[in-house]
Amino acid sequence: MFRFGQVERRAVLLACCLSILPAFSRAADNLGVLGARPHWKVLEKYQETITHDDFARLIQNVYCTHGISSDLIVINDDSARILTNREAQSFFTLRFAKDDASRKPIPRLWRPAKSLSLLKQEKPLAGLRIALDPGHLGGKWAKMEERWFQVGDSSPVQEGDLVLRVAKILAPRLKQLGAKVFFVRSSNEPVTSKRPDDFRDLAKRILIKNGVPEPRKDIENPDEQAREQTVRWQSEILFYRYSEIRRRAVLVNTKLHPDLVLCLHFNAEGWGDPKNPILIDHNHLHLLVNGSYLQQELEFDDERFEMLRRLLSRAYDEELPLADSIAGVMAKETQLPPYEYPTTQTTTKVGTSGYVYARNLLATRLYRCPVVYCEPYVMNSRAGFARIQAGDYEGTRNIDGVERESIFREYADSVVEGLVDYYRGARR
């Protein structure tokens with residue numbers, strides 16, 4: 001993942017354009033990128049499962065830290081009025097529990113740590129269902145994803161391949177500790193059956209709506225800025241960023257039913273020409289949980305619905321201490337400083353470790369269980385690049401004068417130790 005910049009601004013622009021296209025929704029719907037019409041009746045099962053104070057706390061401190069329009073959600077003493085459709089002026093009323101004693105049980109398919117009792121002889125992760133989600137795709141898709149660079153004759157750096165390697169080291173270690181482990185992606189092939197060509201018509205309409213009256217199919221020079229105004233570029237974004245992640249969410253929510261999803265990534269900063277990239281001195285670490293929705297994101301009916309479903313399931317109460325635990329171990333093992341976002345327009349720092357942010361990402365929003373999104377190491381930092389080029393190995397090696405475990409094993413070991421620390425404490 002890159003820091004918030006050109007790539008993310010493109011995505012925001014794309015979302016604004018896509019949300020008003022009637023081809024993927026009825027005219028009265030107001031949806032995000034390839035979004036599905038929300039089923040607001042699903043929220044009925046959360047009636048009287050949360051108190052006024054807890055609801056207000058999560059809205060103000062986690063999910064709507066940048067504010068929310070009063071015509072979208074109004075919090076009263078005994079209920080919240082939620083806009084479901086602006087054109088029809090329809091609303092959903094969520095009734096609050098009077099107090100904690102009268103709170104009804106929270107319906108959810110995932111199980112919090114406290115519900116998993118720990119016997120004296122039991123392994124610390126026994127019974128836990130964990131889904132590993134190695135980010136991106138890698139392989140032949142890495143250049144399309146803009147997650148590829150190469151320095152001279154060195155091995156190409158492809159984020160999708162790196163995190164898949166971490167996941168395959170991590171899985172057996174989690175199983176040894178009693179967890180049942182699933183792969184959301186286990187190869188360099190997409191989970192979605194769609195391909196860029198499936199989105200060409202939609203991509204063309206997006207460009208026309210965005211002020212490009214005669215979009216070009218492609219350009220000869222891939223380095224031209226004009227590539228963002230081509231049908232090819234737009235259709236590729238729709239494929240690997242939106243269709244792929246939405247399909248992974250279907251897999252997680254309807255087949256795997258995990259108690260936790262670990263989204264595995266490496267970070268990066270701008271590297272310029274991927275064939276002649278810039279290596280930098282900065283190297284850092286952070287983790288993400290869902291939250292910190294932008295006001296313009298909350299205008300989309302599906303995003304507002306998905307936010308409320310996560311809030312009411314109390315996923316945050318599980319994923320934040322999990323993220324803090326993993327972050328604490330990662331910070332100790334990697335000796336990396338926390339990443340500081342250059343702007344607070346998209347994120348909110350949460351927790352106690354100093355390494356965890358809330359941010360509204362597609363995966364953290366759509367997966368209906370706690371999600372911890374890991375972003376250690378800067379791939380194009382000099383230190384990170386040297387360790388990546390060293391590959392995977394047993395024991396330690398001297399990397400730039402320091403004895404280091406392989407970057408892949410250090411990553412996996414830190415995640416395992418953080419999980420064990422959390423679940424041992426929470427299951428007592």
Counting only protein heavy atoms and a 1.4 Å probe, tell me what percentage of the stretch 92-179's accessible area is made up of carbon and sulfur.
52 percent
Where a ≥ b ≥ c are the square roots of the eigenvalues of the C-alpha gyration tensor, would you call the stretch 204-338 rounded, which needs a/c under 1.5, or, failing that, prolate if a/b is larger than b/c, or oblate?
oblate
Asp100 paired with Asp198, simple spin-label distance in nm, labels 7 Å along Cα-to-beta-carbon:
4.7 nm
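Full extension from Ile278 to Lys143: what is 0.36 nm times the residue separation minus their Cα-Cα distance, to one decimal in nm?
Roughly 46.9 nm would be gained on extension.
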Quick P(r) readout (the stretch 304-428; Cα-Cα; 10 Å bins; whole %) gives 11, 37, 33, 16, 3, 0
Put Glu145, Glu214 in order of accessible area, largest first, 1.4 Å probe: what do you get?
Glu214, Glu145
Compute a Gaussian network model of the chain, connecting alpha carbons closer than 10 Å, and tell me which residue from Arg382, Arg147, Arg185 fluctuates the most.
Arg382
So how many Å³ per residue does the convex hull of the Cα atoms of the stretch 175-275 work out to?
163 Å³
Could you tell me the calculated FRET efficiency between Asn85 and Glu214, based on Cβ-Cβ distance and R0 = 51 angstrom, to the nearest 0.05?
0.90
How large, in percent, is the carbon and sulfur part of the accessible surface of the stretch 349-428 at a probe radius of 1.4 Å?
42 percent
When ligands, DNA and RNA are left out and all protein chains stay put, how many square angstrom of accessible area per residue does the chain have with a 1.4 Å probe?
44 Å²
So the label point goes 7 Å from the Cα of Tyr393 along Cα→C-beta, right? Which residues of the stretch 259-295 then have their backbone N under 16 Å from it?
none
Approximate spin-label separation Glu340-Asn253, in nm, with each point projected 7 Å along Cα-to-Cβ:
3.8 nm
Gain in length, Arg382 to Lys175, computed as 0.36 nm per residue apart minus the alpha-carbon separation, to one decimal in nm?
71.1 nm
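List the GluC sites (Glu not before Pro) in the stretch 202-289 that DSSP assigns to loop (not H, G, I, E or B) and whose Cβ has at most 11 other Cβ atoms within 10 Å. Which are they?
Filter output for the stretch 202-289: Glu220, Glu224.
Based on the Cα gyration tensor of the stretch 123-247, what are the three equivalent ellipsoid semi-axes, each the root of five times an eigenvalue, rounded to whole Å and given largest first? Before the final figure, lay out each step's value.
Working: eigenvalues 259, 68, 15 Å².
For the stretch 123-247, the semi-axes come out at 36, 18, 9 Å.
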Suppose each label sits 7 Å from its Cα in the direction of the beta carbon; what would the Val74-Asp317 distance come out to in nanometres?
2.8 nm
Selection from Leu207, Ile169, Thr254, by position along the positive dipole direction of the stretch 117-276 (Cβ):
Thr254
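Classify the stretch 60-196 from the C-alpha gyration tensor, please: rounded if a/c falls under 1.5, else prolate or oblate depending on whether a/b exceeds b/c.
oblate
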Taking a threshold of 24 Å on the Cα-Cα distance, which of the pairs Lys194/Lys255; Lys140/Lys209; Lys41/Lys180 fall above it?
Lys140/Lys209; Lys41/Lys180
What residue among Trp141, Leu308, Val289 has its Cα farthest toward the positive end of the dipole of the chain, where the charges are +1 on Lys, Arg and -1 on Asp, Glu, each on the Cβ?
Leu308
Taking the highest mean first, how do the peptides 331-338, 37-44, 86-93 order by number of other beta carbon atoms within 10 angstrom per residue?
331-338, 37-44, 86-93
To make sure I understand the rule: partners must be lysines, Cα under 29 Å from the Cα of Lys349, and not fewer than 8 residues away in the same chain. Which ones qualify?
Lys114, Lys332
Determine the dipole magnitude for the chain: charges of +1 sit on the beta-carbon of Lys and Arg, -1 on that of Asp and Glu, nothing else is charged, the reference point is the Cα centre, and the result goes in debye to the nearest 20.
1420 debye
Using 0.36 nm per residue, how much length does the chain from His39 to Asp53 gain when fully extended, once their Cα-Cα distance is taken away?
2.5 nm
Taking 1 over the mean of 1/r across every pair of different Cα atoms in the chain, what Kirkwood radius in Å do you get?
22.7 Å
Listed residues Leu308, Leu322, Leu287; largest mean-square fluctuation, Gaussian network over the chain with Cα springs below 10 Å, found at Leu308
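The values are calculated or read from the model by the stated rules, or taken from the named source; none is laboratory data. All values derive from a computational prediction rather than experimental measurement. FYI the Cβ positions are ideal-geometry reconstructions off the backbone, even for glycines, and counts take in every protein chain you see. SASA here: full protein model, heavy atoms, side chains in, ligands and nucleic acids out. Shrake-Rupley method; radii C 1.70, N 1.55, O 1.52, S 1.80 Å.
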